[in-house]
Each structure stands twice: as structure tokens, then as C-alpha cells.
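A short worksheet on the structure shown next.
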Amino acid sequence: MQYIRSLGKPDNGKCFLCDASSATDDQERAERLVLWQTEHSVVVINCFPYTNGHLLVCPRAHKADFDELSTEEMLDLQTQTAEAIRLLKRAISPQGFNVGINLGRCAGAGVPGHLHQHIVPRWNGDTNFMGVIGEVRVVPEAMSRLYEQLVSLRTTP
Ligand SMILES: [Zn+2]
């Protein structure tokens, strides 16, 4: 419902990814499921996951399209995507990943004003990627357990 309501809201240049980006302490980061922030990027657990371990990587700035990103922002988006994949491999041993960006509402972007890269872990024989869109299959307790696990794994070498 939260997602459907958000679709009717005008883009006022601020969204939940901006909130994630501006979290300043561990409590705020935990509330907003922010795994980590860099100078240019923020990595969060998707609150509307296609599957367990579905992460989002986005620029900290509220920018909708690639042509608005600086070279540093673009490079860091990919660097943090690689880092997120590495972390998920350690945490939940996926056998594959879908990685990609939906540009614009018609392409399926839930937050079209703020570019974000999806990282969706996959396993042999799991449910078809498109078939699970719109169906939230991960309970909040499982998500906060995953959050704790990923945050603690990231701080251990
Ligand atoms: Zn935003």
C-alpha cells in the first residue's frame, strides 16, 4: 500500500532514497535499511523486494538519469554494486544475480526521480524474476535479520 500511495505523489525532489542518503547515525541507517554510504553512493535493502537479499545502489543526489551523473558518481555506482554483490555472495551464497536499472515510470521504476540499480540474487530453480514483481515474499523480521547479517559481515574482513 505504501508503494501504491507513493505512485500518486508528485516528485518534489525528495524521496526515500534521499532519506537513506541523508541518514547520519547507525540508528537512522538501521531504520532506513542503509547498509553503507560512500561520498557518492548509498546501498540499501529494498523494502519491496523481489526476493531475499534484493539490494538497491543509488547516487546520494536525487538525480533521475545517467546524463545528470558525474563521472565519479557513475564509477562509484558500479564500484558499490560490485561490493554489494561480493557481500551477498558471502552472506547468502546466491548462484547468480540480476543487476539493472529501470529508467522512467513506463520502464517499471518505482521511484523514477532517483536513479537506482537493482541487485537481485538468484538461485537455480527459483521463481521467475518477472513473476515475483509486486508480490512481497519477505517478512520484516527476515529483512532485519538480513540487515544485521550484512552489516556485521561488511565490518569483518
Ligand atoms: Zn531522491
For the condition open to solvent by less than 60 Å² (accessible area, probe 1.4 Å), touching a Gly at 6+ places or on another chain (Cβ under 6 Å) and among the β-branched types (Val, Ile, Thr), what is the one hit in Ile45, Ile85, Ile92?
Ile92
Subset of region 99-111 [over 15 Å from Leu77 (Cβ atoms) and loosely packed, with under 15 Cβ neighbours inside 10 Å]:
Gly104, Arg105, Cys106, Ala107, Gly108
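Just to confirm my filter: which strands (runs of 3 or more DSSP E) fall fully inside region 20-74 and include at least 1 residues that are polar (S, T, N, Q)?
On the way: elements: 34-37, 41-45, 55-59.
Strands (runs of 3 or more DSSP E) meeting the threshold: 34-37, 41-45.
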Verdict on Ala20 being surrounded by 14 or more Cβ atoms within 10 Å (Cβ to Cβ), modelled with pLDDT of 95 or more, over 18 Å from Gln149 (Cβ atoms) and among the small types (Gly, Ala, Ser):
yes
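The values are calculated or read from the model by the stated rules, or taken from the named source; none is laboratory data. Just so you know, these numbers come straight off a predicted model, no measurement behind them. Please note: Cβ atoms are built from the backbone with ideal geometry, for glycine as well, and neighbour counts cover all protein chains shown. For the accessible areas, the whole protein counts, side chains as well, though only heavy atoms, and no ligand, DNA or RNA atoms are used. Shrake-Rupley method; radii C 1.70, N 1.55, O 1.52, S 1.80 Å.
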